[in-house]
Amino acid sequence: MFQSDKFSIRCLGGLVLSITLLTSPAYGESAPSNKTNAVEVSAQEQQAASQLSKLLSPLHYIKAGFAQHTLEASGKRIQESEGVMTVQRPNLFRWEVKKPFPQVVVSNGQKVWLYDMDLEQVTIQKLDARTNTTPALILSGETADLTSSFRVTESVSDGVSLFTLIPKGQDALFENLQLMFQGKMLSEMMLTDALGAKTRIEFRNLSSSSKRKLAEKDFELYIPPGVDVIDDES
């Protein structure tokens, strides 16, 4: 899920950056085959996963502004960006970076488009198991069985709930992901990658709905004439 000064499709999503860590069908196919994982889930972990699922399940449609900050393992800040995200279940999202470098990441549930406006280049990737472990997809996935793919813990302090998800699979693109809720409202996502870099995404003016539904065309990318296209779907 980040390259210095550029928004990486591996980090996404941002999301996404988002933004599906959760067990959508595509991710479920690559879940660890070691059956002992299901046996080893503690009651505390199951309770944390159940609580997180309860908070996420009503969020079928979400729109929010975001501010993203990425730090190296040493603590040096290497990236800041701002933009707007829209996600809709199942597996639909649009992640738009407004500044400093305009970029758009869009998924229609089958493929992912990354449009870098400065480079006038679009990269297309299949939405497979690996891209399905990115934070950009977390809010658009299914929440029914988190413990099959993640170890989940929860800590609560002064009305703030912090959930930590650690992938069980060997090919995940991050070490852990944290979701922070102020009451029932999602306020932040924090990701640590395999090199120790940390990405913090703060959500602003978040609105959600259990009923609203956008057309699928809103989650496809119109490619302007003259833009280079790199198709990595195979």
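Read-outs throughout are calculated quantities, based only on the coordinates presented, and are distinct from any laboratory measurement. Quick caveat: nothing in here was measured; it's all calculated off a predicted structure. Cβ coordinates were reconstructed from backbone atoms using ideal geometry, including for glycine residues, and neighbour counts include every protein chain displayed.
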Problem set entry | Three principal axis lengths of region 148-223 [C-alpha, angstrom, descending] | 35, 35, 25
Exercise. Looking at this model, which pairs from 63/168; 99/184; 99/211; 54/111; 63/217; 76/99 are more than 24 angstrom apart at the alpha-carbon?
Worked result: 63/168; 99/184; 99/211; 54/111
Seminar exercise, completed: Among region 68-104, those whose backbone N falls under 16 Å of a label point 7 Å along Cα→Cβ from residue 218 are 84-96
